[in-house]
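Take a look at the structure set out below.
Where a number appears in this text, it was derived from the coordinates with a stated rule and is not lab data. Keep in mind the model is a prediction, meaning the values are calculated, not measured. Cβ placement follows ideal geometry from the backbone for every residue including glycine, while neighbour counts extend to all protein chains displayed.
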Amino acid sequence: MNPARTGSAQESTLFPDLDLEIRPESQATVLVEGRAESWLQALPAGCAQLAYVDPPFGTGKVRRSQAGAYADPASQPRVYAEALMAMLEPLWSALDARGTLLVHLDHHASHYVKVALDDLCGVEAFRNEIVWCYNGGGVARSDYSRKHDVILRYAKGEPRFHVERRPYKENTQSVGRHSTYASEVQIDLERGTPLTDWWTDIPTVTGWNPERTGYPTQKPLMLLERLIATCSDPGDAVLDPCCGSGTTAVAAWRQSRVALVGDRSPEAVELTERRLLAAGQAVRRVRWPGA
Ligand SMILES: C[S@@+](CC[C@H](N)C(=O)[O-])C[C@H]1O[C@@H](n2cnc3c(N)ncnc32)[C@H](O)[C@@H]1O
């Protein structure tokens, strides 16, 4: 599958010193080994249409599994949010006039990051707090088990958005073509109902799931494909500076977008390259100076 040429990705030189470009017709994923805070500064303003970031959440654990490890130091949520802004500010400037920023977090600091993003992007740019619910893992005995992440969605101008629809529940279908709440509202049973901001239909990547790479906290392709398909157009450029196992890059390719991703961990970059090559994607790998 080739990225379609109909998107809005510009033919811009991303890193002039490295003679590196991302073009809508390019088939290659650009894969940067380096600290996001340094290489994102080199991106020209408005060069991308969608940015997704899934940083360490500040859990105070070393995240380790068969295919890699990364440190996730604990910090006060206010300090965590300030540090994360060093990544989110250049990501926001790299987005074009209709661009969307998606920030994947959990209960540790999402409330502080939201306040910081309101300051950076403007309260009016906040569009959604998507709640991704999942099962599995440990069960708390003295609290309600924490079984959801949040994805903050901020967007500029009139953002790209393609509504996804799902079938109505059986009881709605049996009531017929009228809303239970307003009899004059017609329900389009065939088209289905637009997706809400809480998602319970995407399981975590565990066990024998064939997409599992063994990288810690790998996110499901279905989650990234949904975000990319709804928040960008075919041919658009998608950024992910904390790519881990490369899920965003694979999902972007499958959705005919062009990806520019990176990670500071050489293990993660190796794994992402192997995963992309195995999926039949071309990769342009770059080691950021001082990575
Ligand atoms: C939660 S994992 C990302 C998982 C990924 N979404 C996936 O599906 O596999 C976070 C990643 O951020 C990377 N990381 C942490 N701090 C970074 C930084 N300052 N710059 C670049 N990468 C960073 C870690 O090495 C780790 O791979």
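Quick notes on this structure:
- Couplings 3J(HN,Hα) for segment 85-99, derived from phi with the Karplus relation 6.51 cos²θ - 1.76 cosθ + 1.60 (θ = phi - 60°), are 4, 5, 9, 6, 5, x, 5, 5, 5, 6, 7, 6, 5, 10, x Hz, where x marks Gly and Pro.
- For segment 12-287, the alpha carbon positions stretch 63, 48, 40 Å along the principal axes, listed from largest to smallest.
- Extension gain from K169 to R63, taking 0.36 nm per residue of separation minus the Cα-Cα distance: 34.3 nm
- For segment 207-243 versus segment 97-143, the inter-centroid distance based on Cα atoms is 17 Å.
- Structure remark: mean-square fluctuation, Gaussian network model of the chain, C-alpha springs under 10 Å; the largest value among Q76, Q49, Q255 belongs to Q76.
- Stretchable slack from D197 to Q27, in nm (0.36 nm times residue separation minus alpha-carbon distance): 58.0 nm
- Taking a Cβ cut-off of under 9 Å around A69, the surrounding Lys, Arg, Asp and Glu residues balance to a net charge of +1, with basic ones at +1 and acidic ones at -1.
- For segment 12-287, DSSP calls about 50 percent of its internal beta bridges antiparallel.
- Counting every other Cβ atom within 10 Å of each residue's Cβ, I228, I202 order from fewest to most as I202, I228.
- Note on R146 and A74: the extension gain reaches 24.2 nm, defined as 0.36 nm multiplied by sequence separation minus the Cα-Cα distance.
- Net charge dipole size for the chain [Lys, Arg +1 and Asp, Glu -1 on Cβ; Debye, nearest 20]: 720 debye
- 222 nm mean residue ellipticity, helices alone, for the chain (DSSP H n ≥ 4; -39,500 (n - 2.57); rounded to 500): -7500 deg cm²/dmol
- Each part reduced to its alpha carbon centroid, segment 30-94 and segment 245-277 end up 15 Å apart.
- In plain terms, the residue of H107, H162, H148 with the fewest other Cβ atoms within 10 Å comes first and the most crowded comes last, giving H162, H107, H148.
- Counting neighbouring Cβ atoms within 10 Å and putting the fewest first, the residues V79, V113 line up as V79, V113.
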